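Accompanying notes for the structure given below.
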Amino acid sequence: MNTELQTAVRQLVIANRILANEDVIDAYGHVSIRHPLNPERYLLSWSRSPEFVGPEDIVEFTLDGKPAGDDGRPPYRERFIHGAIYEARPDVLAVVHAHAEDTLPFGITDVPLRPVIHSGSFIGTRVPVWDIADKFGAETNLLVSNMAQGRDLAASLGTHNVALMRGHGFAAAARSLIDVVRTAVYLPRNARVQMAAMRMGEVKYLAPGEIAARAASGGYYNADSPETWRAWEYWARRAGCGDLLPQRTFSAKDVADKG
């Protein structure tokens, strides 16, 4: 296997384990990465609980959700979420679909989910809500079971980082696997804080300028920064897959504590 592809597979396994351990993904959620050598394909486990995903479970898919080889193992039914987002967003390199319960109230009420904590800034200034019934009627099982539904979800996501799925969960997209995992981890945490604050009184949300400043903080929050790697290593070791981490070294300037 190509070294770059091998690294991508290992990182995807780590992402599965992290999201399971952090209670973001249950037995039915999933995470994918765009193929590092072919942008018209993506990597995703076959239909297995993320907590147990290993390198041998990763399957290569075309953007329309078909296995690229002759792998006969059953795929996730909602793999179309991933392919449709990759198809619509060439900038996206990783996608998460999950059912974190703390996000669900914001998809079934008229209260928008908004950043209220600094780590919640990664969800962006707006989190749209996609309702499958708007286009496909009130007789679906709420699952994204084909490309038409996936493309409608991707259109609702637009250029945003996260879209809530009414009565179902959320889809998150990012420019790296680490970025999408970080967004997925902090999304339900932000939701919990927002709901707690709303019970106490008027909420002061992050200002658009604060969100923009977080996004524009140079290399501090990018996928290769020591600050981001610190979180990735922490989550991976908590999830028991630290042995899959590559060796990383940083200069004294790189590792200067910035916060």
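Overview of values
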read-out	value
Residues of segment 60-89 that turn out to be aromatic (Phe, Trp, Tyr), in contact (Cβ under 8 Å) with a residue 40 or more places away in the chain and not in a loop (DSSP other than H, G, I, E, B), as a count	2
Test result for residue 61, aromatic (Phe, Trp, Tyr) and crowded, with 23+ Cβ neighbours inside 10 Å	yes
Single residue of segment 111-128 satisfying the filter (among the hydrophobic types (A, V, I, L, M, F, W, C) and either crowded, with 18+ Cβ neighbours inside 10 Å or modelled with pLDDT under 95 (or both)) that is nearest to residue 206 (Cα to Cα)	116
Some residue of segment 4-22 being assigned to a loop (DSSP other than H, G, I, E, B) and within 19 Å of residue 232 (Cα to Cα)	yes
Hits in segment 117-132 (condition: in a strand (DSSP E or B) and not β-branched (Val, Ile, Thr))	130
Segment 1-15 residues that are loosely packed, with under 13 Cβ neighbours inside 10 Å, paired with ones that are not in a helix (DSSP H, G or I) (beta carbon under 9 Å, 6 or more apart)	2/36; 2/37; 4/36; 4/37
Filter result (surrounded by fewer than 19 Cβ atoms within 10 Å (Cβ to Cβ), in a loop (DSSP other than H, G, I, E, B) and out of contact with any Lys or Arg (no Cβ under 8 Å at 6 or more places or on another chain)) within segment 90-104	90, 99
Filter result for residue 37 (within 16 Å of residue 73 (Cβ to Cβ) and either of a type outside the set (S, T, N, Q) or modelled with pLDDT of 95 or more (or both))	no
Segment 23-59, residues that are in a helix (DSSP H, G or I) and either touching a strand residue (DSSP E or B) at 6+ places or on another chain (Cβ under 6 Å) or of a type outside the set (Phe, Trp, Tyr) (or both)	50, 51, 55, 56, 57
Qualifying residue in segment 105-115 (condition: of a type in the set (Lys, Arg) and part of a loop (DSSP other than H, G, I, E, B))	yes
Residue within segment 223-241 that is crowded, with 17+ Cβ neighbours inside 10 Å, at pLDDT below 95, over 16 Å from the mean Cα position of the chain (by Cα) and of a type in the set (Lys, Arg) present	no
Residue in segment 64-73 that is crowded, with 18+ Cβ neighbours inside 10 Å and within 21 Å of residue 162 (Cβ to Cβ) present	no
Pair list, Cβ < 7 Å and 6+ apart or interchain, from segment 91-117 residues that are among the β-branched types (Val, Ile, Thr) to residues that are assigned to a loop (DSSP other than H, G, I, E, B)	92/175; 103/113; 108/166; 108/167; 116/203; 116/205; 116/206
Residue 144 being modelled with pLDDT of 95 or more, under 24 Å from residue 16 (Cβ atoms), β-branched (Val, Ile, Thr) and assigned to a loop (DSSP other than H, G, I, E, B)	yes
So residue 157, is it at pLDDT 95 or above, among the aliphatic types (A, V, I, L, M), closer than 19 Å to residue 84 by Cβ and surrounded by fewer than 17 Cβ atoms within 10 Å (Cβ to Cβ)	no
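Residue-by-condition table, conditions (1) part of a strand (DSSP E or B); (2) more than 23 Å from residue 18 (Cα to Cα); (3) aliphatic (A, V, I, L, M); (4) in contact with a strand residue (DSSP E or B) (Cβ under 7 Å, 6 or more places away or on another chain):
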position	(1), (2), (3), (4)
153	no, yes, yes, yes
178	no, no, yes, no
231	no, no, yes, no
237	no, no, no, no
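The values are calculated or read from the model by the stated rules, or taken from the named source; none is laboratory data. Because the structure is a prediction, the values reported are computed rather than measured. Reconstructed Cβ throughout: ideal geometry from the backbone, glycine too, with neighbour counts over all protein chains shown.
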